[in-house]
Structure formats: C-alpha cells, structure tokens
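A quick write-up on the structure given underneath.
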Amino acid sequence: MTTARKPIDNARRAAMAKIHVAKKVLGMDDDIYRAMLRRITRRDSCSKMTLAQLDDVVAEMKRLGWQEEPPRERTRKRRESAPGHVRKIYALWNALVAAGGIEGLSNVSSNDASKHALRGFVVRQTGISAPEFLTGQQAVAVIEALKQRTRRERRQ
C-alpha cells in the first residue's frame, strides 16, 4: 500500500528554503542542525513540521546570526541594444565597405580598421567622436551622407 504525500504549500516551501540557506550560511553540520531542530520543535526534519514550527526555526536561525536577504526581482537582463540610428549607420557603413566604396578599406578584413574609419567619417560630418554619441538629428545627417556616398559608388 502506498501512502500519498502531503502537498507542500508555497509558504512551507519558502520557509524550508530559508532554513536550508541559513544552515549553509551559518556553516552548520548535519548533527548540530538536527539537534537544533529537535530542541526547538521536537522534530528532526523540516518536512515533518508545521508552518508555525518552521517559522520558529527561521527565527532561531536569525537569532544565531543569519540575516535574510531581501528577495531579488526576477527579471531577465537584456543586453542593451544600440539605438536604431546607430545600427543603421553601422549597417550602411558595412555595405559601403563591402561595395568597395571606402578607399583603402575594401581589401582590409579587420573590423577594427573599418570602425576606426567610420569614426573618422562621423567626426568629419558632425564633430562627434563616435556614432553612439550622436543625437537623432546628427545621426540623420550622417545616414543621409552615407546614402549619398553609396549612391555615388553604385553609379561608378
């Protein structure tokens, strides 16, 4: 005959997790941990305790020096993407380099040389050191200049 296990509600699960984290942080070995459980609740396992007993154990862990950390927000950290105009500038520049529109760079395979040349182009157009620092209006001017240069290159 099999016995059905009691479902563990979320509050009990959270309390048991706190207890096990505290046990690890406090560096308790299993014998000391079980002795403390017996002293407080007369039970030697968290799974046999009520929620009130689990709360008593958590309080004892805090008394022994464990400090509960505030819960962390569960958010996915996304890598911040460059604004659309910056991506557009890089895309137009890469297309221009691939088409051979940049003198001396069509044979260069180094991406760093191409980025350095783009930054030089942006400085000549706007006085700003890199596309990432452009305002929207400045970016539009650079984008239009790149489009014109691409059109000129295609005509040749």
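Could you give every pair whose Cβ atoms fall below 8 Å, whose first residue belongs to region 125-141 and is in contact (Cβ under 8 Å) with a residue 24 or more places away in the chain, and whose second residue is small (Gly, Ala, Ser), counting only separations of at least 6 or pairs across chains?
Qualifying pairs under 8 Å: PRO131/ALA139; GLU132/ALA82.
Give me the pairs: first residue in region 27-44 and in the same structural domain as ASP55 (by TED's automatic domain parsing), second residue in a loop (DSSP other than H, G, I, E, B), beta-carbon distance under 7 Å, and six or more apart or on different chains, which are they?
That search, which allows pairs on different chains as well, returns ARG34/ASP44; LEU37/ARG43; LEU37/ASP44; ARG38/ASP44; THR41/MET49; ARG43/MET49.
Pull up region 78-110, narrow it to residues that are farther than 18 Å from THR150 by Cβ and of a type in the set (A, V, I, L, M, F, W, C), then point me to the one that is modelled with the highest pLDDT.
Keep residues of region 78-110 that are farther than 18 Å from THR150 by Cβ, which gives 78-84, 107-110.
Next, only the ones that are of a type in the set (A, V, I, L, M, F, W, C) stay: 82, 108.
Details: ALA82: 69, VAL108: 45.
Among those residues, the one meeting the criterion is ALA82.
The values are calculated or read from the model by the stated rules, or taken from the named source; none is laboratory data. Everything quoted here is computed from the prediction, not taken from an experiment. Glycine gets a Cβ as well: all are built from the backbone with ideal geometry, and neighbour counts include every protein chain shown.
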